Amino acid sequence: MYNRIAVLRKERGLSRKELADKIGVNFQTVGYLEREEYNPSLDLAFRISECFDLPVEFIFSTKPMKPLSEELRDLKRGV
């Protein structure tokens, strides 16, 4: 499973520990998630989604994700 956790965390100025505290996991779990070495449970995926105030499908995907800059460009174009 692919995700944008690292990008979103850095964008928000959060350390792995701060994010871990917000979502109720060990900071090492955040590292495993960011490196895509661990797939979150559905419950954890929703907690991460709520933390970033974004839809789950914007954070997680079963297919490689486009860079955020491309996503934003496509949104502006209505693609």
Original post:
Mind checking the angle between helix 42-52 and the chain's longest principal axis? C-alpha axes, 0 to 90 degrees, to the nearest 10.
Top reply: 70
Original post:
Which part of the range 1-27 falls in the paramagnetic zone of residue 50, meaning amide N under 14 Å from the point 7 Å along Cα-to-beta-carbon?
Top reply: 22-25
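Return the calculated 222 nm mean residue ellipticity for the chain, to the nearest 500 deg cm²/dmol, obtained by summing -39500 (n - 2.57) across DSSP H runs with n ≥ 4 and dividing by the residue count.
For the chain, the value works out to -16500 deg cm²/dmol.
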Original post:
Using the count of nearby Cβ atoms within 10 Å as a rough guide to exposure, how do 9, 47 rank from fewest to most?
Top reply: 47, 9
Original post:
Which of the GluC sites (Glu not before Pro) across the range 7-75 are loop residues per DSSP, with 11 or fewer other Cβ within 10 Å?
Top reply: 37
Original post:
Roughly how many debye, to the nearest 20, is the charge dipole of the chain about its Cα centre, given +1 on each Lys and Arg Cβ, -1 on each Asp and Glu Cβ, and no other charges?
Top reply: 260
Original post:
So, in the chain, how many Lys pairs have Cα atoms under 26 Å apart, if the pair is 8 or more places apart or on different chains?
Top reply: 6
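Count charges around residue 62 for me, please; just the other residues with Cβ under 15 Å from its Cβ, Lys/Arg as +1, Asp/Glu as -1.
Net of charged neighbours comes to +1.
Between residue 22 and residue 36, 0.36 nm times their residue separation minus their Cα-Cα distance comes to what?
3.1 nm
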Original post:
Taking K and R as +1 and D and E as -1, what net charge do the other residues with C-beta under 11 Å from the C-beta of residue 8 add up to?
Top reply: +1
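Read-outs: derived from the displayed coordinates by stated rules, not from any lab. On a predicted model such as this, the values are computed, not experimentally measured, just so you know. Glycine gets a Cβ as well: all are built from the backbone with ideal geometry, and neighbour counts include every protein chain shown.
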